[in-house]
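Asks: Quick one: this structure, given as structure tokens, is what I'll be asking you about.
Read-outs throughout are calculated quantities, based only on the coordinates presented, and are distinct from any laboratory measurement. Note that the coordinates shown come from a computational prediction; the quantities given were computed from them, not determined experimentally. Cβ: placed from backbone, ideal geometry, glycine included. Neighbour counts: every protein chain shown.
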Amino acid sequence: MSIEFRDVSKVYPDGTDAVRDLSLLLPSHQLTVLLGSSGCGKTTLLRMVNRMVEPTSGSVLIDGEDVRDRDAVMLRRSIGYVLQDGGLLPHRTVLDNVATVLVLAGRRRKDAREEVLPLLDTVGLSRSLASRYPAQLSGGQRQRVGVARALAADPNILLMDEPFGAVDPLVRRELQDELLHLHETLDKTILFITHDVDEAFRLGEHVVLLAEHGQIVQQGPPRELAEAPATAFAARFVEAGRGARTLREARPR
């Protein structure tokens, strides 16, 4: 499913001007990364997709349909959402956390548990962890549970808000590898948020560099941003001369 931001702006009640007149089209089945410093509007834009944030003006469309025409609760249940800390329910086991969306949709808990158990394999978690609670898991394991839960309802769109930012570099690399594998296997539309240039270039088929108020500085394949930064700001941000980065190549579609 494609995602389109059409002339969107967001001013919060406290006067914070988060996004100004942004227009952006994210093609179906692509892993797009919004890259920028804290406060540039990345998370605001991501949360507009599932209506956790409503734009002050403009529209957000999924496959041409304005998300405001959808029931907000049903929309959120149809879109996978992964937070930095996993957002897990501490009083529920791993398996019940993963099954949450299906239970909310009306499945019997026993059936939902059976249905989502294979997702532990999908995200690289041992089934022996199914009965544990979030506090008994490592940071990387909690993030894998969060990804499994986001995939439980088999959504076409996956929103990921700096999901790997709180884990150590080695685990972060492993989680990035698993996300790339998941994307190749499941072929979903993924919107990924990060402030880390290396992560953006490693994961993104398409990278959108944002400045203050959600202004698009440059967008394109990682190699284009690395080798031909459009502005001095872009050059400083991506450190164009650095040669140790892994650059994701867009797949032909």
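Asks: Give the angle, between 0 and 90 degrees and rounded to the nearest 10, that separates the Cα long axis of helix 109-122 from the longest principal axis of the Cα atoms of the chain.
Replies: Here the helix axis deviates by roughly 50 degrees.
Asks: OK, next. If packing is taken as the average count of other Cβ atoms within 10 Å, what order do 121-134, 147-160 fall into, highest mean first?
Replies: 147-160, 121-134
Asks: Can you compute the label reach from D85? Point 7 Å from Cα along the Cβ direction, backbone N cut-off under 20 Å, restricted to region 149-169.
Replies: 149-150, 159-169
Asks: To continue, here is another question. What list of ³J(HN,Hα) values in whole Hz, one per residue of region 200-214 in order, does the Karplus curve 6.51 cos²θ - 1.76 cosθ + 1.60 (θ = phi - 60°) give from phi, with Gly and Pro shown as x?
Replies: After applying 6.51 cos²θ - 1.76 cosθ + 1.60, I find 4, 6, 6, 9, x, 6, 9, 10, 10, 8, 10, 10, 4, 6, x Hz.
Asks: I've got another one for you. Could you derive backbone 3J(HN,Hα) for region 215-226 from the dihedral phi with the Karplus parameters 6.51, -1.76 and 1.60 (θ = phi - 60°), listing whole Hz in sequence and x where the residue is Gly or Pro?
Replies: 7, 7, 7, 6, 9, x, x, x, 4, 5, 5, 6
Asks: Another question about this same structure. With r defined as the distance between the Cβ atoms of A72 and S23 and R0 fixed at 25 Å, what FRET efficiency is calculated, to the nearest 0.05?
Replies: That pair, A72 with S23, gives E of 0.65.
Asks: Something else about it: Note down the nm distance, to one decimal, between modelled labels 7 Å out along Cα→Cβ at D111 and at L180.
Replies: Rounded to a tenth, the inter-label distance reads 3.9 nm.
Asks: Counting pairwise Cα distances across region 78-191, what percent come out greater than 26 angstrom? Working shown, then result.
Replies: Values: 611 of 6441 pairs.
Looking at region 78-191, the distances longer than 26 Å represent 9 percent of pairs.
Asks: Then there is this: Say we join alpha carbon atoms closer than 10 Å with springs in a Gaussian network model of the chain; which of G146, G64, G106 then has the biggest fluctuation?
Replies: G106
Asks: Still on this model: Express in nm, to one decimal, how much length is gained between Q215 and S38 on full extension, taking 0.36 nm for each residue of separation and deducting their alpha carbon distance.
Replies: Between Q215 and S38, full extension yields 62.4 nm more.
Asks: Dipole size in debye (nearest 20) for the chain around its Cα centre, Lys and Arg Cβ +1, Asp and Glu Cβ -1?
Replies: Here the size comes out at about 740 debye.
Asks: For D63 and V11, what is the calculated FRET efficiency with R₀ set at 22 Å and r taken between the beta-carbons, to the nearest 0.05?
Replies: Once the sixth-power term is evaluated, E becomes 0.20.
Asks: May I ask you to evaluate 6.51 cos²θ - 1.76 cosθ + 1.60, the Karplus curve with θ = phi - 60°, for each residue of region 71-78 and list the ³J(HN,Hα) values in order in whole Hz, giving x for glycine and proline?
Replies: Values, residue by residue: 4, 4, 5, 5, 4, 5, 5, 8 Hz.
Asks: Let me know the whole percent of all Cα-Cα pairs from the chain that are separated by more than 29 Å.
Replies: For the chain, the fraction of Cα-Cα distances above 29 Å is 30 percent.
Asks: Given springs between every Cα pair under 10 Å in a Gaussian network model of the chain, which of L104, L120, L209 has the largest fluctuation?
Replies: Comparing L104, L120, L209 in a Gaussian network model of the chain, the most mobile one is L104.
Asks: In addition: If the reach is capped at under 30 angstrom between alpha carbons, list the lysines near K110, excluding any in the same chain fewer than eight residues apart.
Replies: By straight Cα distance, K110 reaches K188.
Asks: Let me know the charge dipole size of region 163-236 about its Cα centre in debye, to the nearest 20, where only the beta-carbon of Lys, Arg (+1) and Asp, Glu (-1) is charged. Walk me through the intermediate numbers first.
Replies: Numbers: 6 positive and 13 negative charges, 40 e Å.
It works out to roughly 200 debye.
Asks: Picking from L95, V11, P169, whose Cα lies most toward the positive end of the charge dipole for the chain (charges on Cβ: Lys, Arg +1; Asp, Glu -1)?
Replies: Projecting each Cα onto the dipole axis, the largest value belongs to L95.
Asks: Collect residues whose amide H, placed 1.01 Å from N in the peptide plane, falls under 5 Å from the amide H of S2; neighbours closer than 5 in sequence don't count.
Replies: For S2, the qualifying residues are S28, D63.
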